[in-house]
Amino acid sequence: MKAMFWKAAALALAIAAAAPALAQDAKTTPGWPTKPLRMIVPFAAGGGTDLVARSLADKLSQALGETVIVDNKPGASGVIAMEAGARAAPDGYTLVLGSASTVVVNAAVLPDLPYDSVESFDYLGDVGSATIVLVAHPDFPVKDLRDVIALAKAKPGELNYGTWGAGSTGHMCAEMVRTATGVEMTHVPYKGAALVLNDIVAGHIPLGYADVQSVVPMAKAGKVKVVASCARRSINFPDVPGYVEQGVNFDFVWRYALLAPAHTPQPIVERLHVELMRVLALPDIKERWAEFGMTPSTISPADLKAQTAKDIAALTKLARDAGIRQ
């Protein structure tokens, strides 16, 4: 009985200790939120970004006491969704889940975007970073990126690799290798990472870039082998070296960022950042992120915004050098 009493007392103390913090959060944003929020996602339902968004929306709904509705707006490489987010009222009821492709790559490749990836948004936090990997057919005679580079140098332009489109993150990964080493390989654009992997398995192309989520089941089944991570090691393939470790001096992090329209009231921005950090610290979210091949981040919103501007500048130069800036 005494043990049960002390356990109950400890629980009561924990609840009492948490109450002031929760009350303080509510005080910083009086009168908000009073209705559901919308989280715009630049891709169709069921994809990797959508799964991340729905995981976040569920937890943020619980934290804020109002439903966060996922609003999928696919099309135009994410430009439609990003523009909708940038033009939305800055009242705290619109969020945007930006990915490296929609926030950084589009800004680097498309010069006439109807929004500014940095200035049109308030940055709420880094949701996590993912990795693109270079994979090969199991019988292809390379074990790592160094072997790929050596083979490409021996046979300039004869080595084909696939990505999910010109100007995609996979294509940018390949251009990082070309810029750093001078090797020439032939790009074969597809309409999706799954198609790239299918053709590698079938032996139609020897190499290709794909997102970690798509690669994990195929690598486990022995259908493909992973030879490099772009640009840092993946938590799903910890034994596969990143670019810098294999002689490609181009370090980069592919991030997901939670955004709001620029000029959202600062108390709301701060509240959303706090709630996002709490969500990302939850054990089940950490477990889910590991399944997605994502690494959590604690970079501040200000640092994230500054880093995004630097990333855009780096990839813009890369895109110009490669002739893929439109």
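Any residue at all in the range 68-88 that's in contact (Cβ under 8 Å) with a residue 60 or more places away in the chain, outside any helix (DSSP H, G or I), open to solvent by 20 Å² or more (accessible area, probe 1.4 Å) and not acidic (Asp, Glu)? No, the conditions are met nowhere in the range 68-88.
When residues in the range 274-308 are screened for being in contact with a helix residue (DSSP H, G or I) (Cβ under 9 Å, 6 or more places away or on another chain), of a type outside the set (Val, Ile, Thr), surrounded by 18 or more Cβ atoms within 10 Å (Cβ to Cβ) and not in a loop (DSSP other than H, G, I, E, B), 5 of them pass.
What number of residues within the range 173-193 are within 15 Å of ILE132 (Cα to Cα) and in contact with a helix residue (DSSP H, G or I) (Cβ under 6 Å, 6 or more places away or on another chain)?
Taking the range 173-193 and keeping what is within 15 Å of ILE132 (Cα to Cα), we get 173-177, 192-193.
Applying the additional criterion that residues be in contact with a helix residue (DSSP H, G or I) (Cβ under 6 Å, 6 or more places away or on another chain) yields 175, 193.
Summing the residues that are within 15 Å of ILE132 (Cα to Cα) and in contact with a helix residue (DSSP H, G or I) (Cβ under 6 Å, 6 or more places away or on another chain) in the range 173-193 gives 2.
Evaluating SER214 against the criteria (1) open to solvent by 50 Å² or more (accessible area, probe 1.4 Å); (2) under 15 Å from ALA130 (Cα atoms); (3) modelled with pLDDT under 90 leaves one unmet condition, (1). Of all residues in the range 278-299, those satisfying the criterion of being over 19 Å from GLY47 (Cβ atoms), within 16 Å of the chain's Cα centre (by Cα) and of a type outside the set (Lys, Arg) are LEU280, THR295, PRO296, SER297, THR298, ILE299. Whether any residue in the range 255-271 is β-branched (Val, Ile, Thr) and within 22 Å of THR295 (Cα to Cα) is what I want to check. No: zero hits. Counting just the residues of the range 89-122 that are within 30 Å of PRO30 (Cβ to Cβ) and charged (D, E, K, R), which one comes out surrounded by the most Cβ atoms within 10 Å (Cβ to Cβ)? Result: ASP122.
The values are calculated or read from the model by the stated rules, or taken from the named source; none is laboratory data. In this text, all values refer to a predicted model and were calculated from it rather than measured experimentally. Neighbour counts run over all protein chains shown; Cβ positions are idealised from the backbone, glycine included. These area figures cover heavy atoms from the full protein model, side chains too; ligands, DNA and RNA do not enter into them. Shrake-Rupley method; radii C 1.70, N 1.55, O 1.52, S 1.80 Å.
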